[in-house]
Protein chains: 2
Amino acid sequence: MHSWVDGLPAHGLASLKDRGLAYGDGLFETVAVKAGRPVLLELHMQRLVLGCSRLAITADQSLIRSEVLAYAQAMGEGVLKLILTRGDSLRGYAACPEAQPRRILQASPAPAYPLAHALEGVQLFDCATRLAEQPLLAGLKHLNRLEQVIARSEWQDPAYAEGLMRDTSGRVIEGVFSNLFLVRDGVLITADLQRCGVAGVMRAALLSEAERLAIPCHVTDISVEQLQQADELFVCNSVYGIWPVRGVAGLSWPVGPLTRKLQSIARTLLDV
Amino acid sequence: MHSWVDGLPAHGLASLKDRGLAYGDGLFETVAVKAGRPVLLELHMQRLVLGCSRLAITADQSLIRSEVLAYAQAMGEGVLKLILTRGDSLRGYAACPEAQPRRILQASPAPAYPLAHALEGVQLFDCATRLAEQPLLAGLKHLNRLEQVIARSEWQDPAYAEGLMRDTSGRVIEGVFSNLFLVRDGVLITADLQRCGVAGVMRAALLSEAERLAIPCHVTDISVEQLQQADELFVCNSVYGIWPVRGVAGLSWPVGPLTRKLQSIARTLLDV
């Protein structure tokens, strides 16, 4: 299916003056599409609105929403990627005040992950690449993603379904394209993302579900020692749901009961 | 003048699948062009080669060089911007091994900075935006530039020609689009860029010239206290050369003799 740029089929081309290309000056969302509908759209839009606010990008959110809905309808099934940039400008970091933010929509097939990832769990590659601590950008799904690109280049072996990333201070943060949860003594724990990391839509959905189900939940800094002591571990995102983590860096975990419970909930959330 | 993409006139459009747009996965160089020749080309190419090596982008450097030379010749005067991305890929952080790096060349007029910037010196805005510490990317002129975009958005008042940036630990690093030098007791001092910052081409040229002229020079961490105690201060880049810094954050400096000496050298370097 053709990409759309600003609501129109774009035949694969974007403006060379776009600040997304020049500086990574923008945001993106990766949205599962099922039966012509964007899954977890409200949470994706909430994160986009937060990102626009933090980056001072003034975009017409209702127009974006309507284009995403129309594009998903046309796609049917797969993964919709929305890129929202600050638009065009002349050379230089100063933005052009009259620039119009640019909306790019792209369609991909649903990724063909092995079923075993969800059923039996996955191994994580222990990435050497650390996440820098930048509170101004933490949590956002912005277009400055060289850390993830470098981290993902660390392994080619398909035995590793994901990579584990720490920050430059050694805290355990997330996967390369997933968020991470631990379970310890019945408490669900996920990293505080005030300094770095991407606040994933599935992470947000699971935090809400945990609250609804009165599952105790801590959003906090996580040390490697806490990782070692975890009873269960899983990664999640809004495309694949939840994968139990069976091992990383010589450590191993069973697939635990809370992981299975939340996995079932994530599957329901994605099967809209 | 038309942009070129991979050596051909591009009519302002780039591939929507380019990883430069998706992730800021690439590098750039901003090169002054005088009388059809790219100024300080060897230093720009050296930094590009270093960036390609650090990001594992395998590009044909002699092809890039020949395109830059031809494009500069066609431009005549102005600023040439080279963007080198990892090329296209499918969705996801993993690069496509067979992807061809993409070369984008863009022309802009030489910026019309007030002559007073060079003659009388400039005021720096004291940016609140801090540079995150990421040794894997430090020194490179990569396309992940949201920190500079946010910093540059902090001021609109043309009384400030540049902004001063510190890192998240408070060290004094650079300008938003310049490097910074102090002079103290006849010693030239510039920030160590092992943790963050862009290792500018004019900075490299001035370090070489200082060595040639036996001007003592330290590349080291710089504290705010050292900034306060400096005898002279200047910013530099490969387009405007050197601007003396007269003030930042309530501090002030005269335009000093070593600044004037290096400014004259920088002018010579740019007047190729």
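Over chain A, dividing the summed -39,500 (n - 2.57) contributions of all DSSP H runs of at least 4 residues by the number of residues returns a 222 nm mean residue ellipticity of -8500 deg cm²/dmol. In order along segment A:241-256, the phi-based Karplus estimate (6.51 cos²θ - 1.76 cosθ + 1.60, θ = phi - 60°) of 3J(HN,Hα) comes to x, 10, 10, x, 9, 9, x, 7, 6, x, 8, 9, 9, x, 7, x Hz; Gly and Pro are listed as x.
Which log10 I(q)/I(0) values does chain B give at q = 0.17 Å⁻¹ under the Debye formula, counting every alpha carbon as one identical point scatterer? For chain B, the Cα-only Debye profile gives -1.41. Across segment B:184-198, coupling constants 3J(HN,Hα) worked out from phi with the 6.51/-1.76/1.60 Karplus curve, θ = phi - 60°, read 9, 6, x, 9, 8, 10, 9, 5, 5, 10, 7, 10, 6, x, 10 Hz, and Gly and Pro carry x.
Each of B:H11, A:H2, B:H117 has some number of other Cβ atoms within 10 Å of its Cβ, and from fewest to most they run B:H11, A:H2, B:H117. Expressed as a whole number of Å, what is the distance separating the alpha-carbon centroids of segment B:156-215 and segment B:109-137? For segment B:109-137 versus segment B:156-215, the Cα centre distance is 10 Å.
Distant-in-sequence amide contacts of A:A110, defined by a placed amide H-H separation under 5 Å and a gap of 5 or more residues or a different chain, comprise A:G78, A:V79.
Each listed q (0.16 Å⁻¹) maps to a log10 I(q)/I(0) for segment B:4-108, found by the Debye formula over equal Cα scatterers with no solvent: -0.66. Near the amide H of A:Y240, within less than 5 Å, lie no amide hydrogens of residues on another chain or at least 5 residues away, with H placed in the peptide plane. The order of A:V187, A:V39, going from fewest to most other C-beta atoms within 10 Å of their C-beta, is A:V187, A:V39. For the segment B:147-158, counting C-beta atoms of other chains within 10 Å of every residue's C-beta and taking the mean gives 4. Residues whose amide H falls under 5 Å from that of B:R166, counting only those 5 or more places apart or on a different chain, are B:L131, B:I173, with hydrogens built in the peptide plane. Per the Kirkwood formula applied to alpha carbons, segment A:115-270 shows a radius of gyration over Rh ratio, Rg over Rh, of 0.93.
Just checking the listed ones, B:V172, B:V31, B:V219: in the Gaussian network model of chain B with Cα springs under 10 Å, the one fluctuating most is B:V219.
Restricting segment B:64-137 to GluC sites (Glu not before Pro) that sit in a DSSP loop and have at most 16 other Cβ atoms within 10 Å of their own Cβ leaves B:E77, B:E98. Rounded to whole numbers, the Karplus 3J(HN,Hα) couplings from phi for segment B:95-112 are 6, 7, x, 8, 4, 9, x, 9, 10, 10, 10, 10, 10, 10, x, 4, x, 8 Hz, using 6.51 cos²θ - 1.76 cosθ + 1.60 with θ = phi - 60°, and x at Gly and Pro. Under the classification rounded if a/c is under 1.5, otherwise prolate if a/b is larger than b/c and oblate if not, where does segment A:73-192 fall, given a ≥ b ≥ c as square roots of the Cα gyration tensor eigenvalues? It comes out oblate by the Cα gyration axes.
Here segment A:87-146 is described by how far its Cα atoms reach on the three principal axes: 52, 31, 18 Å, from widest to narrowest.
Here, P(r) means the percent of Cα pairs in each 5 Å bin from 0 to the largest distance; for segment B:160-247 it is 3, 15, 28, 29, 19, 6, 1.
Based on the convex hull around the alpha carbon atoms, the protein assembly as shown presents an average projected area of 24.8 nm². Calculated on C-alpha atoms, the gyration radius of segment A:136-191 divided by its Kirkwood radius gives an Rg/Rh of 1.00. When A:I57, B:I215 are sorted by how many other C-beta atoms sit within 10 angstrom of their C-beta, beginning with the fewest, the order is B:I215, A:I57.
Throughout, read-outs are computed from the coordinates displayed, never taken from laboratory work. Bear in mind that the values here come from a model prediction, so they are computed numbers and not experimental data. When we count neighbours, we look across all protein chains shown, and the Cβ atoms used for this are built from the backbone with ideal geometry, even at glycine.
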